[in-house]
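All remarks here apply to the structure that follows.
What follows draws every value from the coordinates through simple rules; no lab data is involved. This structure is a prediction, so every number in the text was calculated from the model and none was measured. Because the Cβ atoms are built from the backbone with ideal geometry, glycine has one as well, and the counts that use them run over all protein chains shown.
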Amino acid sequence: MISLDAVTKRFGARLAVDNVSLTVPRGGIFGLLGHNGAGKSTSIGMLLGQVAPDAGTVSIAGVDVFADRQRALAKVGAIFETPAFYDYLTGWRNLRLFCEYSAPFDAERGREVVKLVGLEKRIIDRVATYSHGMRQRLALAQALMPKPELLILDEPSEGLDPEGIHEMRNLILRLNREWGLTILFSSHLLSEVQQLCSELAVMHEGKLLFVGNWRELDADRQWVRVQVDRQADAERGLTGAGLVDLFEYDGRGRLAPTATVPQVASWLVAQGFAVQALHPVERTLEDFYLETIHVRDAVKK
Amino acid sequence: MFATQLKNELLKLFARKRTHIGFGAFLVVQLLILAMLQLPKAKRAFSDLLTSNGYLPAEYYAGLTLGLLIIVFTISLLGGLYVALVGGDVVAKEVEDGTMRMILSRPISRLRLLTVKWIACAIYSFTLMIFLGVTSLLAGTIYRHGFGKLFVFVPQESIFSVFSTGEGLWRYARAVLVLGVVTQIITALAFMFSCCKMKPAAATILTLSVLFVDFVLRNIPYFASFQKYFISYHTACWARTFADVVAWSSIAESLVYLGALGATFWIVGAMAFCARDFKS
């Protein structure tokens, strides 16, 4: 559905995107993960034809965005971190106005998307009276107006309250499952990406560090949490004994392929450590992400 | 679709609170100027000018003449500023507010978007000048209970003319129309700056700076032989429509010059806009 091929973008001396190649398959929710300034928004800007790459090609559904932008974006909807509207106009008028930049306004479709995002009671109010969450929902409605096949969401949960984040997440899942939309979900909120995406790309300092299914990576390996009296000594010892491959934050470690939890417990007791906690843990996206970034930084050093 | 998009752009321009405040400000300034023209010193200077040339002040101190005086002073005080403000805002403000990025996520070509915006902006500033012409005439006419005859004195253009009511009304309407056309150069200049990577206020200030420098240079005797290169010389062609024998070739030359300059500004602005990256 989406293809970035050896794309590079520089803003002055800063390399914002560095030789990134990425393919997003049709039909799923694909996560784009990275710190602020990692290059996510620039990549999305290039996908929408708003930022011209210095090198490489960008295409959507096989159409080169910079050769035929209108055709490439014909079935694309997008929303941004802080959606902007004409505050002095009503939500409905805004919807109509943005839609009519590219196609005639279909009132029936308008009512359908307004209902889907739950704005039917406020759609005739001026946008100036909307909360951030309502603006975000209006932005989603305008993105859905052209019956898109691809929805690009750039930090859609940013600034929302917990209830709003929950609603947005459910809406995204619904759009993917019921409407069959391919969704590119860019965020630095790890918990959101974890709940929505299996397939993802991790960007860091303009580079692509990982592309694929993060859940499948190391799926056969077990993670444990170790808490003892002399934590640093224990981590060093377990790694030296070949029982644990690596330790991350908070005593979380990945067991060696042949090691088991009882073996770790026996070793700790045998070495005289006072064990406070030792239990298997599920690996989160945060673990995966931090490991990916740290490995990268270690290699760089 | 083009007509719909143009209608939407006009709606955006005319529905803004700033538009209403702007038009309101023009009315207030017009009334203030009308009040100032009632000051004894102003009245005396006006009477002296007419009587010394053998005309009866009472016949000319009426709606048409007052309307024209109000236009001249309002344009000098507010006209350029407001048109530059609107032109400077039209693209840069949308970029600043983030709505431009929302628009550009839709499959519309940048050139088409710019064309729609430019035409909307041109219609807006033209409408403003017509509004100014009508309200100035209304203010003068209501105050003096009639149109009266038209007296025009523009020393810089060597114009000293008097017209009957009918001829005066025709001349007045024609001049306001030409004024609406020549104002487009300010719109185009501000629009060009607005397309570049700068804040809306910077686009407005740059536009006013260019116009100010143009005006100052034009009035320095050293540049007298270069008159025809200055924007202010050509924008003054609206006043030349009041000459007893109108030099239409000179007016046409000015309009063509301004048209070519406006087109150049548009092309430069469009090139800057199309080459820009839009990012949050």
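Provide the gained length on full extension for the span A:T82 to A:D68, in nm with one decimal, where the gain is 0.36 nm per separating residue minus the Cα-Cα distance.
Contour length minus Cα-Cα distance gives 2.3 nm.
Using 1/(1 + (r/R0)^6) with R0 = 25 angstrom and r between the beta carbons of A:H279 and A:N170, what's the FRET efficiency to the nearest 0.05?
Here the calculated transfer efficiency is 0.20.
Given Cβ point charges of +1 (Lys, Arg) and -1 (Asp, Glu) and nothing else, what value in debye, to the nearest 20, does the dipole of region B:75-189 about its Cα centre take?
Around 260 debye, computed over region B:75-189.
Compute the length gained on full extension between B:F2 and B:Y229: take 0.36 nm times their separation in residues and subtract their Cα-Cα distance, giving the result in nm to one decimal.
Extra length available between B:F2 and B:Y229 comes to 78.2 nm.
Counting Lys and Arg as +1 and Asp and Glu as -1, each charge on the Cβ, what is the dipole of the protein assembly as shown about the Cα centre in debye, to the nearest 20?
I would put it at about 1780 debye.
Taking every pair of Cα atoms in region B:2-275, average 1/r, invert it to obtain the Kirkwood radius, and report Rg/Rh to two decimals.
Here the Rg-to-Rh quotient is 1.01.
List B:S209, B:S232, B:S105 from most exposed to least, where exposure is judged by having the fewest other Cβ atoms within 10 Å.
In increasing order of surrounding Cβ atoms, one gets B:S209, B:S232, B:S105.
Of all DSSP beta bridges located in region A:121-252, what percent are antiparallel, nearest 5?
Counting DSSP beta bridges with both partners in region A:121-252, the antiparallel share is about 60 percent.
If you place +1 on the Cβ of every Lys and Arg and -1 on the Cβ of every Asp and Glu, how big does the dipole about the Cα centre of region A:2-213 come out, in debye to the nearest 20?
Dipole magnitude for region A:2-213 comes out near 360 debye.
Compute the Kirkwood hydrodynamic radius of region A:2-213, taking the inverse of the mean of 1/r over all pairs of distinct Cα atoms, and give it in Å to one decimal.
Value: 17.5 Å, from the Cα pair sum.
Could you list B:V213, A:V193, A:V264 in order of exposure, starting from the residue whose Cβ has the fewest other Cβ atoms within 10 Å?
By the 10 Å Cβ count, ascending: B:V213, A:V264, A:V193.
Got a sec to turn the phi values of region B:38-48 into Karplus ³J(HN,Hα) couplings, 6.51 cos²θ - 1.76 cosθ + 1.60 with θ = phi - 60°, whole Hz, x for Gly and Pro?
In residue order, the calculated couplings are 8, 4, x, 5, 5, 5, 5, 4, 5, 4, 4 Hz.
A:K207's amide H: which non-local residues (gap 5+, or another chain) put their own amide H closer than 5 Å, with H modeled 1.01 Å from N in plane and none for Pro or chain starts?
A:D18
Starting from the Cα-Cα distance between B:A173 and B:V134, subtract it from 0.36 nm times their residue separation and give me the gain in nm to one decimal.
13.2 nm
Mind telling me which of A:Q70, A:Q271, A:Q227 comes out most flexible in a GNM of chain A, alpha-carbon contacts under 10 Å?
Among A:Q70, A:Q271, A:Q227, the largest mean-square fluctuation in the Gaussian network model of chain A belongs to A:Q271.
Sequence neighbours fewer than 8 away in the same chain don't count; with that in mind, list the lysines whose C-alpha is under 27 Å from B:K93.
Leaving aside lysines fewer than 8 places away in the same chain, those within reach of B:K93 are A:K9, A:K40, B:K7, B:K12, B:K17, B:K117, B:K197, B:K199, B:K279.
Which FRET efficiency, nearest 0.05, do A:Q222 and A:S21 yield, Cβ-Cβ r, R0 25 Å?
In this case the efficiency is close to 0.15.
Provide B:I103, B:I267, A:I44 in ascending order of the number of other Cβ atoms located within 10 Å of each residue's Cβ, fewest first.
Ascending Cβ contact count within 10 Å gives the list B:I267, B:I103, A:I44.
In terms of the Cα gyration tensor, with a ≥ b ≥ c the square roots of its eigenvalues, is the protein assembly as shown rounded because a/c is under 1.5, prolate because a/b exceeds b/c, or oblate?
prolate
Just in region A:7-68: which chymotrypsin sites (Phe, Trp or Tyr not before Pro) are loop by DSSP and have at most 15 other Cβ atoms within 10 Å?
When the chymotrypsin sites (Phe, Trp or Tyr not before Pro) of region A:7-68 are filtered for loop state and at most 15 Cβ neighbours within 10 Å, A:F66 remain.
Note down the net charge around A:E235, summing +1 for each Lys or Arg and -1 for each Asp or Glu among other residues with Cβ under 13 Å from its Cβ.
0
Where a ≥ b ≥ c are the square roots of the eigenvalues of the C-alpha gyration tensor, would you call region B:143-231 rounded, which needs a/c under 1.5, or, failing that, prolate if a/b is larger than b/c, or oblate?
It comes out oblate by the Cα gyration axes.
Among B:Q30, B:Q184, B:Q38, determine the one that fluctuates most according to a GNM of chain B built with springs between C-alpha atoms less than 10 Å apart.
B:Q38
What is chain B's relative contact order, in percent, from Cα pairs under 8 angstrom and six or more apart in sequence?
Once normalised by length, the contact order is 24 percent.
Dipole of region B:2-275 (Lys/Arg Cβ +1, Asp/Glu Cβ -1, origin at the Cα centre): which of B:S250, B:V116, B:Y229 lies farthest to the positive side?
B:V116
I'd like the FRET efficiency for A:R177 and B:T264, computed as 1/(1 + (r/R0)^6) with the beta carbon distance as r and R0 of 45 Å, rounded to 0.05.
That pair, A:R177 with B:T264, gives E of 0.25.
Let me know the mean shielding of B:103-116 by other chains, meaning the per-residue number of their Cβ atoms within 10 Å of its Cβ.
6
Rounded if a/c is under 1.5, else prolate if a/b is larger than b/c, else oblate: which is region A:223-282, with a ≥ b ≥ c the root eigenvalues of its Cα gyration tensor?
Note, shape of region A:223-282 comes out rounded.
Could you grab the relative contact order for chain A? Cα pairs under 8 Å, six or more apart, rounded to a whole percent.
Relative contact order, chain A: 20 percent.
Can you say what percent of the DSSP beta bridges in the protein assembly as shown, counting only those with both residues inside, are antiparallel? Round to 5.
Among the beta bridges of the protein assembly as shown, antiparallel pairing accounts for roughly 70 percent.
Which one of A:V76, A:S186, A:A6 is farthest out on the positive end of the charge dipole of region A:2-213, using unit charges on Cβ (Lys, Arg +1; Asp, Glu -1) and the Cα centre as origin?
It is A:V76.
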